[in-house]
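Working notes for the structure below.
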Amino acid sequence: MKRRFFSISKIISAACLLTICVTANAQAPNTKMGSPTIEELSMTSYSQDPEAKAVILWEDSEVAMERHGQSMKIGMTFKRRAKILAEEGMDVADVTIRLRNNEGAIGRHDELGSLKANAFNLVNGKIEKTTMTNATISKQRLTPHVTQTHFVIPQAKAGSIIEYQYKLYIDDFTDIPTWYAQCKYPVLLSTFEVRLPDWFVFAFQQSGSTPCQHTQDFTNSTQFNTVETKDNFRWENIPALPKDNEYLYCPSDFADKVTCEMKSVNIPGVIARTYSLEQVDVNKQLLDNPNFGGRLRQKNPLHKEMEEAGIAKIENVMDRAKATIELLKKKVRWNGGYSLTGTSLPKVLKEGTGDNADLNFLLMSMLRDVNVKCHPAVMSLRSRGRLPLTHSSLESLNTFCVTIFENENTYHFYDSSAEDGYFDVLPSNMNVERCIILYDKPGDWDNACPQKKLKYTRMSSITAQLSAEGLLSGECTTNYYNNAVLSYRNAWNAKNDSTAFVASLAESKEMTINDFHLTGANEFSSTLSEQFTFEKQLDGDDRFYLNPLIVNDFKTNSFTAEKSTMPVEFPYITSRMYNILITLPEGYQVEEAIAPLSVSLPEKAMSAQLIVNAREDAVEINCRFNVNRIFYAPEEYEGIKKLYNLLSSKCNEMIVISKK
Amino acid sequence: MQRDDCHKQEIVMKQTISLLVTLLFLCLTSLAQDATIEQYDIQVNCSSNRSMTIRKHIEVTIHNKKAEDMADFSTTLENGTISLSDFSGTISDSNGKVIKKIKKGDLIRSEYSSEFKTNDYRVLYSFTPSSFPIHVAYDWTETFTQRMTNFEGIAPLPGYNVDVREATYQLTVPEGMEVLYHKRNTDTEVHRESQNGKVIYTARMENLKAITSEPLAPRFSDIEPSIIFEPKEFNYYGSTASLSSWQSLGQWLWQLTEGRKAIPQSLANKIDQTIDRSAPRKEQIAQACQLLRKMTRYISIQLGIGGWQPEKAEVTATLGLGDCKALTCLMCGMLEHLGISSFPTILHMSRAHLIKDFPSFGQTNHMILCVPSVDTDTLWIECTDPSLPIGYRHSGLAGHDVLLCTPDGGKLTTIADNTPEDNLWYSEVKINPNPDCSTDICINSKICGEQYESLRSLSKIEQAEQRKALMKMYNLGQVEQNKQLNVHESEGMPQLNTEVQAHSTGYAVPSGTRMILPVNSVHKSHSTLPNVVDRKLPVQTTMNYEDREDITITIPEGYAVESMPKAITLESAVGKLTMTVAQEEREVKIHCSVQRTAHNLPSSSYPEVQNFVKQIHNAYNQKLVLKKI
């Protein structure tokens, strides 16, 4: 009886709880700072995402142009209210704000002010408020240009409502930060308001799948004595940013957000300037920039050395370009960074190091000196987001590679960050959908698509003999081409020594590797050849079982998630081929081969084939795998998963070899 | 005479050949290294127990890209106590031509830290060499004030594959200041001489050979040659004590906590309301841990003497935040309120052993709480993570030497290590393949101790993430349907329970008339060890554990066993492998067990360990082949 009563009371409380949750969601979100409701504090889960560890109740940013003495600043008031539902959601009470803040008087000085934070807890049915003090605020200067404020809200725990707000003064009126409405936790309400005197015109670009309500109002600004434009953005019930984004270079490309880019400023009698509207404007700004256009016009600081080396006399254009790159590589090394603008070429040369832009500018000055036509191809790295579709944008550009023209119609990509690369070999982060080749005049430019040009190709050829004792021994030769070469060289260089590399190779292929030879590991070339002899003991006594690919490739399927709400991106267009010939021991035969596999996605976007041909004294295996497109929409995930699954299942199958 | 000349020529020839061979050897030896420290000089000048300067000079030849980080300069300083008084750097190419001169103004200052609050900051300079070899020389002086817990010692090898031509060390202290030192992996002599009211200690190391990285090697810090120096009487922000024994160091730490353990009245009331004082002591402690878990969380604060002195329990309770010392102090206060005595205890989380005869500050990095005599045993409480089951010795504690800080001073002791049984991962597996090769798989695992510790976060993540993690962890093929997925921690026990029931299409592989099934779906990652020619370093295994599985594979209708996995029993110095296989009517029953034990073995035992690991790998990779009848 007691047990039953207990159960009923549990059901009643569960029902109450459910009502509370539903009520909390059905009501208009509470946008009052400092006034959490009992319902919010009693909430134990979020009905639309029952597994959420925290939920953002309201997040708001108000951006307005403000006058500070003689200058203008952007004032951004940020407010956030959040509910912590479980211990794992406590990170919402641990906040880091990074500011661009130069040391000394010169440069940009963003400021953080009016920082307030509170935690609210329900203690014995009463709301208890804990206010953050300086004790849990920490400020650090990370670099000469960046400072950080880190704060932790005291008494934040599972069940708490936390609130914080601050005002950020941005010392560059062209730079309204992107508003990310979507985050790792679900958001009940996100609001973003931008108030600007009509002297400023910004382009707003929305992305994401949650409906966003955008309204625009006009009022008279007393502060600026002009018309003020007010843009409001509002999202409700935004789901948490999916975690299944491991195949994406820049997941935030697909998040609910608004980016703001200045189009023009026209303050009567002070300044009139047009920013990035059309590509031609962007090009002009780049070519006028001393650290971009200026660098393109710099003379070759290695002229004398190139002359001594006789590079200009090399007849073939690409050979001349190759000799130039080889000389450059002896003089300077990439420091690991990417940028759009560069420092002075003699300085780069003196330092012996620089980011990809520094090295690319130096390379272009050298190439031009020996009459090799070359131009920068500006882009945004894949990890930094795509270029906007609706307008051209200087802000979105963050680096460039070099296009080297073999003749008037044919060009090749090259970037100094691909230290072990070649022509048309770029790191996958630069394998973008679109970049802009910028010629000598602003109006003279072309769209280009590295993704169509860059290829990853590898071909393996294996010949092996099986002994009557079940020992498979043979030779494997794999030829790597273009971007496959870069990937291989990177892996090779990442290992401490060749022994460690061969050991890890042997482990991954589950075989003993004996003679290992590499051709082209340290050359400036688009090919590399790996050769090794191997031994592998097969399972079985009088009958042997053999996986078709021997070298263990494709045996696992990394697409294991049931479904994906995010797209899938591959590094390169890929082609992999295997030709395998296994000679059987005298008196043995293929008792059972494997049925052929041939599978592809619509329009051959991806395909896989595997054929096993059993001969009298041997077995022949051919396998092909091709990725013909880089970007796949979420609805294509199921097909990719299925294709990988079929291929991995096939590669796990066994050829049965037995005595005749 | 002629004969003598010939003989002389022969000698000269032999000497020349010998020299050439030596040079060639040296050249090859030097090429085998990534970098060579040509000169490494440290001069410590201590003027009182509050201040000292350290002058450092380092010259390195970097032979290749793998050691390019050695061209960078970085040192950690502290606002108000450690400053950089002078600095210069030079980078030259292989011909001795100076490529770059670096001044103090070129250094970048960063306060970036993983700690929430600290006075530390770093100054750094980064250089990417464009060609090799290059020669890098840095000279700098650091000035210390307010604190002196130890002197910079001599440990010239920075890591693997770097050799050292010459390293010199000089420590000057005022007469009367006692200096203690400890040598590790070296018999280098330390000379002491008095000069003009000062005492000078010197040491010199030369031609230190590079150490090559090898699998299962001890930590680098346990094999590198080094000498540690410290003052017998230390000064930490004005607080002084003796390093003559662990007892005195522990006493000083105890004194730092005195007067700081008082808990606020509101917390005392809460304890009185929620903790049943009539319950057994262990139960009361467990309830106090739960209270600590609900009201606090960890953040690292290391300011001034706060680097060693805990924050007042009252402040920690009010903020609900604190570092390991603060949370330990608060818990100590809470237990005191319950009438249970406990002692703050220091240890190193990743180094198991303290140097018993050489107390020093650098040997510990964490504080926990020791509650003696609870149910005839001592309880070690990890206040930084009170969600861990009470009494559980996590991997940072098990087998570690610790220093108890008591009113009678420090007491060294060792926390018992976990046994393989404590760290057992037991799985009961049922594999039911269907005639169409789809398979129903059921795995029930109990993952205990340190194996639980590394996986316990699984119980706290969302179900989709759990699914993804379990798919990676287990070998299940392509799971079409998850019938059951349950991951939970056992209440009050260091045990994670996972229950997976899945319908898979890729586990049993069809191969014409055959069906091939992997034997073990639980542990797919018993990896192998690479060959090591001329192994130099001892072989160290650090964890006791056991993986045990009872697997039942049902033979589907229309199929018969064609090839069975092989049974195996193997015992080695580092463990035991057992696999038994039996067919019972329509079922194949497999029992697997791998028991591994922690050991320090001589280098010569590597092939045996390697073979043992390979046998495990092979045994776990076996397959059952069924054929249509």
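The values are calculated or read from the model by the stated rules, or taken from the named source; none is laboratory data. Worth saying up front: this structure is predicted, and the values here are computed from it rather than measured. Methodologically, a virtual Cβ is constructed for each residue, glycine included, from the backbone with ideal geometry; neighbour enumeration extends over all protein chains shown. Protein only, heavy atoms only, side chains kept; ligands, DNA and RNA dropped before computing areas. Shrake-Rupley method; radii C 1.70, N 1.55, O 1.52, S 1.80 Å.
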Would you confirm whether or not region A:477-497 contains a residue that is more than 26 Å from A:Ile582 (Cα to Cα), at pLDDT below 90, of a type in the set (Gly, Ala, Ser) and open to solvent by 60 Å² or more (accessible area, probe 1.4 Å)?
yes
In the set B:Thr505, B:Thr498, B:Thr439, the lone residue that is away from chain A (no Cβ under 11 Å) and more than 32 Å from the chain's Cα centre (by Cα) is B:Thr439
Cβ pairs under 9 Å, 6+ apart or interchain, first in region B:281-301 and more than 12 Å from chain A (Cβ to nearest Cβ) and under 18 Å from B:Cys370 (Cβ atoms), second assigned to a helix (DSSP H, G or I) and open to solvent by 50 Å² or more (accessible area, probe 1.4 Å), ordered by first then second residue, are B:Ala288/B:His337
- prompt: Would you say A:Thr149 is modelled with pLDDT of 90 or more and open to solvent by 60 Å² or more (accessible area, probe 1.4 Å)?
  reply: no
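Surrounded by fewer than 19 Cβ atoms within 10 Å (Cβ to Cβ), within 14 Å of chain A (Cβ to nearest Cβ) and either aliphatic (A, V, I, L, M) or without any contact (Cβ under 8 Å) to a residue 60 or more places away in the chain (or both): which single residue out of B:Gln583, B:Gln615 fits that description? Outline the logic, then answer.
Working: B:Gln583 fails: within 14 Å of chain A (Cβ to nearest Cβ).
So the residue among B:Gln583, B:Gln615 that is surrounded by fewer than 19 Cβ atoms within 10 Å (Cβ to Cβ), within 14 Å of chain A (Cβ to nearest Cβ) and either aliphatic (A, V, I, L, M) or without any contact (Cβ under 8 Å) to a residue 60 or more places away in the chain (or both) is B:Gln615.
Which of the residues that make up region A:312-340 are β-branched (Val, Ile, Thr), more than 13 Å from every other protein chain (Cβ to nearest Cβ) and either in contact with a Lys or Arg (Cβ under 6 Å, 6 or more places away or on another chain) or outside any helix (DSSP H, G or I) (or both)? Reasoning before the result, please.
Pass one, region A:312-340, residues β-branched (Val, Ile, Thr): A:314, A:317, A:324-325, A:332.
Those still in the list that are more than 13 Å from every other protein chain (Cβ to nearest Cβ) too: A:314, A:317, A:324-325.
If the condition is that a residue be β-branched (Val, Ile, Thr), more than 13 Å from every other protein chain (Cβ to nearest Cβ) and either in contact with a Lys or Arg (Cβ under 6 Å, 6 or more places away or on another chain) or outside any helix (DSSP H, G or I) (or both), then A:Ile314 is the only one that fits.
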Among residues of region A:630-660 being within 27 Å of A:Asn429 (Cα to Cα) and in a strand (DSSP E or B), the residue least open to solvent (accessible area, probe 1.4 Å) is A:Tyr632
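For the condition outside any loop (DSSP other than H, G, I, E, B) and either modelled with pLDDT under 90 or over 21 Å from A:Pro36 (Cα atoms) (or both), what is the one hit in A:Lys116, A:Lys129, A:Lys139? Give the derivation first.
Working: A:Lys116 fails: either modelled with pLDDT under 90 or over 21 Å from A:Pro36 (Cα atoms) (or both); A:Lys129 fails: either modelled with pLDDT under 90 or over 21 Å from A:Pro36 (Cα atoms) (or both).
Exactly one residue qualifies, and that residue is A:Lys139.
Is it true that A:Thr31 is at pLDDT 50 or above and not hydrophobic (A, V, I, L, M, F, W, C)?
On the way: at pLDDT 50 or above: yes; not hydrophobic (A, V, I, L, M, F, W, C): yes.
Against the criterion (at pLDDT 50 or above and not hydrophobic (A, V, I, L, M, F, W, C)), A:Thr31 qualifies.
Out of A:Asn447, A:Asn429, which single residue is in contact with a Lys or Arg (Cβ under 7 Å, 6 or more places away or on another chain), outside any loop (DSSP other than H, G, I, E, B) and open to solvent by 40 Å² or more (accessible area, probe 1.4 Å)? Let's see the steps before the verdict.
Values: A:Asn429 fails: open to solvent by 40 Å² or more (accessible area, probe 1.4 Å).
Every option except A:Asn447 fails the conditions.
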Among A:Val152, A:Val92, the single one that is within 8 Å of chain B (Cβ to nearest Cβ), within 22 Å of A:Asp60 (Cα to Cα) and in contact with a strand residue (DSSP E or B) (Cβ under 9 Å, 6 or more places away or on another chain) is A:Val152
Counting only strands (runs of 3 or more DSSP E) entirely within region B:399-490, those with at least 2 residues that are of a type outside the set (Asp, Glu), at pLDDT 95 or above and open to solvent by 40 Å² or more (accessible area, probe 1.4 Å) are B:409-414, B:424-433, B:439-448
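Please enumerate the residues belonging to region B:65-110 that are of a type outside the set (A, V, I, L, M), assigned to a helix (DSSP H, G or I) and closer than 14 Å to A:Gly352 by Cβ.
Pass one, region B:65-110, residues of a type outside the set (A, V, I, L, M): B:65-66, B:68-69, B:72-76, B:78-81, B:83, B:85-90, B:92-97, B:100-101, B:103-106, B:109-110.
Those left that are additionally assigned to a helix (DSSP H, G or I): B:65-66, B:68-69, B:104-106.
Those that are of a type outside the set (A, V, I, L, M), assigned to a helix (DSSP H, G or I) and closer than 14 Å to A:Gly352 by Cβ: B:Lys65, B:Glu68.
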Note: among A:Leu438, A:Leu472, A:Leu454, A:Leu505, just one is at pLDDT 95 or above and under 25 Å from A:Phe570 (Cα atoms), namely A:Leu454
* Just wondering, is there one or more residues in region A:567-576 that are within 30 Å of B:Gln463 (Cβ to Cβ) and of a type in the set (A, V, I, L, M, F, W, C)? -> yes
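Given the structure, is B:Glu549 touching a residue at least 12 places away in the same chain (Cβ under 8 Å) and open to solvent by less than 40 Å² (accessible area, probe 1.4 Å)?
Numbers: touching a residue at least 12 places away in the same chain (Cβ under 8 Å): yes; open to solvent by less than 40 Å² (accessible area, probe 1.4 Å): yes.
Answer is yes for this residue.
Every residue in region A:616-629 that is open to solvent by 10 Å² or more (accessible area, probe 1.4 Å) and either within 14 Å of chain B (Cβ to nearest Cβ) or of a type outside the set (S, T, N, Q) (or both), please. Please lay out each step first, then the result.
Let us first name the residues in region A:616-629 that are open to solvent by 10 Å² or more (accessible area, probe 1.4 Å), namely A:616-617, A:620, A:622, A:624, A:626, A:628-629.
Scanning region A:616-629 gives A:Glu616, A:Asp617, A:Glu620, A:Arg624, A:Arg629.
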Residue hits (region B:109-131; closer than 22 Å to A:Trp334 by Cβ and open to solvent by 70 Å² or more (accessible area, probe 1.4 Å)) are B:Ser126
Of (1) open to solvent by 60 Å² or more (accessible area, probe 1.4 Å); (2) within 14 Å of chain B (Cβ to nearest Cβ); (3) closer than 27 Å to A:Ala28 by Cβ, A:Ser160 satisfies every one except (1)
Of the residues in region A:244-303, those that are in contact (Cβ under 8 Å) with a residue 12 or more places away in the chain, assigned to a loop (DSSP other than H, G, I, E, B) and aliphatic (A, V, I, L, M) number 4
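Which residues, taken from region B:179-197, are modelled with pLDDT under 95 and either on the phi > 0 side of the Ramachandran plot or surrounded by 10 or more Cβ atoms within 10 Å (Cβ to Cβ) (or both)?
Just the residues of region B:179-197 that are modelled with pLDDT under 95, to begin with: B:195-197.
Correct list: B:Asn196, B:Gly197.
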Being within 14 Å of chain A (Cβ to nearest Cβ) and not charged (D, E, K, R) narrows B:Thr118, B:Thr172 down to just B:Thr118
Counting only residues that are in a helix (DSSP H, G or I), crowded, with 18+ Cβ neighbours inside 10 Å and more than 11 Å from every other protein chain (Cβ to nearest Cβ), region A:341-354 contains a total of 1
With the structure loaded, tell me whether B:Ala35 is within 14 Å of chain A (Cβ to nearest Cβ), buried (at least 17 other Cβ atoms within 10 Å of the Cβ) and modelled with pLDDT of 95 or more or whether it fails that test. yes
Here the residues within region A:103-113 that are modelled with pLDDT of 90 or more, assigned to a strand (DSSP E or B) and surrounded by 13 or more Cβ atoms within 10 Å (Cβ to Cβ) are A:Glu111, A:Leu112
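Report, by residue number, each residue of region B:586-612 that is over 32 Å from the mean Cα position of the chain (by Cα), without any contact (Cβ under 8 Å) to a residue 60 or more places away in the chain and assigned to a strand (DSSP E or B).
B:Glu587, B:Val588, B:Lys589, B:His591
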Those residues of region B:302-329 which are in contact (Cβ under 8 Å) with a residue 40 or more places away in the chain, under 20 Å from B:Pro264 (Cα atoms) and assigned to a helix (DSSP H, G or I) amount to B:Ala313, B:Glu314, B:Ala317, B:Thr318, B:Cys324, B:Lys325, B:Leu327, B:Thr328, B:Cys329
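Starting from residues that are under 23 Å from B:Ser131 (Cα atoms) and surrounded by fewer than 17 Cβ atoms within 10 Å (Cβ to Cβ), keep the ones in region B:48-65 and report whichever is modelled with the lowest pLDDT. Steps first, answer last, please.
Kept after step one, since they are under 23 Å from B:Ser131 (Cα atoms), are these residues of region B:48-65: B:58-65.
Of the ones still in play, those that are also surrounded by fewer than 17 Cβ atoms within 10 Å (Cβ to Cβ) are B:64-65.
Numbers: B:Asn64: 91, B:Lys65: 88.
So the residue we want is B:Lys65.
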